[in-house]
Amino acid sequence: MSGKRKHIIIILAIIAFACQQATAQLDAMFTHYSFNTIAVNPGYAGSRDALSFTALHRSQWVGFDGAPITQTFSAHSPIYTENMGVGLTVVNDIIGPINISSFYGDYAYKLKLSQTGKLALGLKAGFNVIQGNLSTLELDEGNDPSFQNNLKSDLLPNFGFGAYYYTPSWYVGVSAPKLIENDFKSNVGELSGKEQRHYFLIAGAAIKLGSSDGLILKPTTLLKVTEGAPIELDITALIIYNNQIEFGMMYRTQAATGVLVGYNFQKNLRIGYSFDWSFINRTVRDNHGTHEIMIRYDIVKKSQGQIISPRFF
């Protein structure tokens with residue numbers, strides 16, 4: 001068996017494992033999860049009180065053939081009144097010859113429960129499209145019929161919900177962004193398995209270190225639960241200096257550890273970078289790590305002027 005054929009088998013095995021066990025790439029993972037909250041919880045829509053844009057690129061297991069690559073773009077804003085928010089999330093997730101594209105809209109309604117605390121109830125609705133670009137693979141036997149035809153699913157509709165409670169100094173949320181478990185076998189043909197329902201718990205805080213606002217500790221966590229797979233927990237701790245420079249560390253159970261750095265420009269623009277190192281098994285340890293770049297930009301209404309108080313979440 002040639003090296004290329006071995007790589008193809010490895011790729012398809014990863015895909016099959018993801019479809020059946022949902023521990024890999026059906027729901028994309030992010031190290032910058034606390035800056036991309038709307039991807040997992042629609043209740044986040046409009047919570048920054050600005051028209052907020054976020055773009056993210058993730059190259060996972062660099063140097064490993066067929067490794068996942070993910071791009072996301074999201075936009076959300078309050079509408080009409082401060083009690084409602086809407087958003088849009090687009091995700092392009094690639095693993096080997098398989099491409100999963102997702103398009104979702106978000107709606108949130110906010111209830112003021114205290115002087116500083118709001119509870120947002122959100123709905124997420126959209127669809128996924130799965131494509132298998134098998135003809136792009138390099139084969140030893142060019143006429144292998146198993147790889148002649150590309151695969152493409154129908155539009156796979158889905159919807160979910162989320163609840164998000166937040167104050168200026170902390171937040172907590174629960175969500176299930178995709179409730180329908182679409183069957184791949186009937187929609188794609190060659191891929192067996194189905195989508196698995198994921199449940200998320202998110203939480204975070206901004207804690208002042210010392211008497212001034214010059215040093216802030218920002219711990220965050222994301223808990224992911226799905227049937228037939230181990231519970232996955234992300235824990236991140238960021239130090240924010242002078243509301244501009246951010247740096248910290250991340251740990252993902254049974255998967256990876258990493259570092260994050262970021263810089264805030266004039267309170268409206270943030271650029272972040274993270275590097276993860278995987279330790280789950282030898283196959284994916286033989287790579288150059290995972291790199292993630294994130295950009296977020298907020299447009300504030302002229303009547304509001306610049307964002308006066310820092311937005312940590």
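Each reported figure results from applying straightforward, stated rules to the coordinates on display, with no laboratory input. This is a predicted model, so every value here is computed, not measured. When we count neighbours, we look across all protein chains shown, and the Cβ atoms used for this are built from the backbone with ideal geometry, even at glycine.
Note on 170, 277, 61: ascending count of other Cβ atoms within 10 Å places them as 277, 170, 61, the fewest first. For the pair residue 208 and residue 80, a Förster radius of 35 Å applied to the C-beta separation gives a FRET efficiency near 0.55, rounded to the nearest 0.05. Label sites at residue 243 and residue 127, each approximated as a point 7 angstrom past Cα along Cα to Cβ, lie 4.4 nm apart.
For the range 193-304, count all C-alpha to C-alpha pairs, find those more than 25 Å apart, and express that count as a whole percent of the total. Within the range 193-304, distances greater than 25 Å cover 37 percent of Cα pairs.
Among 301, 267, the order by Cβ neighbours within 10 angstrom, fewest to most, reads 301, 267. For the range 68-118, the average shadow cast by the Cα convex hull is 4.6 nm², which is a quarter of the hull's surface. Annotation for residue 113 and residue 288: the two label points, set 7 Å from Cα along the Cα-Cβ direction, are 4.7 nm apart. Placing pseudo-labels 7 Å out from each Cα toward the beta carbon at residue 279 and residue 261 gives an inter-label distance of 2.2 nm.
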